[in-house]
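Each value in this text was obtained by applying a stated rule to the coordinates, not by laboratory testing. Everything quoted here is computed from the prediction, not taken from an experiment. Here the Cβ positions follow ideal geometry from the backbone for every residue, glycine too, while neighbour counts run over all protein chains shown.
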């Protein structure tokens, strides 16, 4: 199959397009030439429409990638904040415990032994409570981490599925183009000469559609380029899940 770049404007405005000044020939040849040029113009319009659909689909996929990466980054930042808050809470509890210990040691009374025993029991209980709470928090952190990993995996699978669908659409387009070319090769050209003028008029209309579709294709290409640049500039931050 041909490897012609369908997105290049030179392809759609090549020398294969019909020229009215070259139609000063026999009526039969004019009719045949007009028929061929009309079919070519129709195919070019179909190619441009499908090409625009593919470009727009890719732009949607790229936009979804950017949004999903942004959500992942936000989840990661929330996880870091939660982890930091947990550390600060544990440190504060330990500091409070140390502070109470120092204050109790400064106290002198006849019930020193009794106070020390009660303090020891209180300290053991508080340490036990801190450990239990810490284990619960660590379990919650691990669970959140697994959820984030699962979300990343599902989002990657969704992106891969969308890319596969887009590639399948491109492959189907090439197959349809090949079969259409085979059918056109054996197409009957027995029409009346008067239809040639009508087809030339249709060709002119299709040329206008080509120009509009080319302008739309250029706009879509610029959008795709902008999305790629935006994705590169907003890279995913380094994870610190193991810290």
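Work out the FRET efficiency for residue 215 and residue 88 from their Cβ-Cβ distance, taking R0 = 41 Å, and round it to the nearest 0.05.
The computed FRET efficiency comes out at 0.10.
Take 174, 76 and order them by how many other Cβ atoms sit within 10 Å, fewest up front.
Starting with the residue having the fewest Cβ neighbours, the order is 174, 76.
Using the beta-carbon distance between residue 157 and residue 105 and R0 = 45 Å, what value does 1/(1 + (r/R0)^6) give for FRET efficiency, to the nearest 0.05?
Result of the calculation: an efficiency of 0.15.
Rounded if a/c is under 1.5, else prolate if a/b is larger than b/c, else oblate: which is region 50-135, with a ≥ b ≥ c the root eigenvalues of its Cα gyration tensor?
Since a/c reaches 1.5 and a/b is larger than b/c, the shape of region 50-135 is classed as prolate.
Using the number of other C-beta atoms within 10 angstrom as an exposure proxy, rank 75, 33 with the fewest first.
Arranged by neighbour count, lowest to highest, 75, 33 become 75, 33.
Cut-off is 10 Å between beta-carbons; in what order do 127, 45, 98 appear when sorted fewest neighbours first?
98, 127, 45
According to the square roots a ≥ b ≥ c of the eigenvalues of the Cα gyration tensor, what is the shape class of region 87-159, taking rounded for a/c under 1.5, prolate for a/b larger than b/c otherwise, and oblate for the remainder?
Prolate shape, in that a/c is at least 1.5 and a/b is the bigger ratio.
Could you check the spin-label model distance between residue 122 and residue 67? Points 7 Å from the Cα along Cα→Cβ, value in nm.
So the label points at residue 122 and residue 67 sit 5.6 nm apart.
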